[in-house]
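For reference, the structure is listed below as structure tokens.
The values are calculated or read from the model by the stated rules, or taken from the named source; none is laboratory data. None of the values given here were measured: they were computed from a predicted structure. Cβ coordinates were reconstructed from backbone atoms using ideal geometry, including for glycine residues, and neighbour counts include every protein chain displayed. For accessibility, only protein heavy atoms count, side chains too; no ligands or nucleic acids. Shrake-Rupley method; radii C 1.70, N 1.55, O 1.52, S 1.80 Å.
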Amino acid sequence: MIKEITPATKLYCIFGKPVSHSMSPLIHNMLFNKFDIDAVYLAFQINDIKHGVDAVRSLGIKAASITIPFKEAILEHLDEIDETARQIGAVNTVINNDGYLWGCNTDCAGAVEPLKEALSEGLSVVPEDLFALSKGSLDGKNVSIIGAGGAARAVVFGIKKEGANITIVNRSKDKGEQLAIQVNGQYLSLSAYNELTYDDSMSNHLEQTDIIINTTSFGMTPNIDESPVNPLILNKKMTVMDIVYNPLRTKLLKDAENSGCKIVDGLSMFIHQGAAQFELFTGIKPPRQIMREYVLKNMTKKHQ
Ligand code: ATR
């Protein structure tokens, strides 16, 4: 927290429902303190995003993070929307420039940056290396995305922009195919995907897959023994990312580690999207490793 709240203290916040579990206040207040910025970040649970937007305008809130269930509904209330956020159909960050509200989506960067780091040479597991320069490239990489919901859209459009080839793997065909068409990708049903083997006609697909990303809630507490992916389709050339961070080592990531894959956990995505937000808020690129350690420390404290 900041040392002293004065009439000059700037207000930042997150709007959502619920927000009691949010770790965003923790990281942004820690960073305001670290960089001696006279600002405070609060969490507001609201029923209607229109009221949140009105509050931003009337109270002069400098910027807001937007979380479930308002990421889509907020679009119609903003003055300008970044092109990628418009493609995704969701905004998670609103910046208030003297009453002119601009929205964007940092979940894309949240997915792209840790993947690039994992792909950069010499990196085995991401967490200890969050400071590594983003040297890896997603250009031309074959990426399978599990899921086709809101979280999938942020990941998919971010990765597509980097030049990756996309396969959408989803339970329901309509939603999966629709997203695949939007990114010039292909669609595979989740059941068909999990039946692929290394010695059938689709073996090329598996051999050429560079990255698998789970964007569904599979494996999230309490279903910690579930994985969306059959471990038999994994191979050591793959990088596997999970957006679930509770638990940190999901069944999917454990299977991936056992198969010799590089892994990127869900906390990496959360930290990177938060870091991108803080940079938009203040112009400062924050130390992601310190953010990660701080969140981990507080997660442990909460569970003691
Ligand atoms: P979010 O916005 O968090 O991504 P969502 O829009 O409800 O949430 O999307 C959840 C995604 O996870 C969907 O792709 C969903 O598959 P369907 O399109 O078939 O509904 C997928 N998903 C969730 N639970 C699943 C399950 N038990 N089995 C398979 N897919 C599941």
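Computed values, structure above
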| read-out | value |
| --- | --- |
| Test: residue in region 281-304 that is touching a Cys at 6+ places or on another chain (Cβ under 9 Å) and either under 23 Å from ILE61 (Cα atoms) or in the same structural domain as LYS237 (by TED's automatic domain parsing) (or both) | no |
| Cβ pairs under 8 Å, 6+ apart, first in region 30-53 and open to solvent by less than 70 Å² (accessible area, probe 1.4 Å), second of a type in the set (Lys, Arg) and in a loop (DSSP other than H, G, I, E, B) | ASN33/LYS3; ALA39/LYS62; ILE46/LYS17 |
| Residue match in region 144-154 (condition: more than 16 Å from the ligand (Cβ to nearest atom), modelled with pLDDT of 90 or more and in the same structural domain as SER217 (by TED's automatic domain parsing)) | no |
| Qualifying positions in region 169-188 - within 15 Å of GLY150 (Cα to Cα) and either in the same structural domain as GLN87 (by TED's automatic domain parsing) or more than 11 Å from the ligand (Cβ to nearest atom) (or both) | ALA180, GLN182, VAL183 |
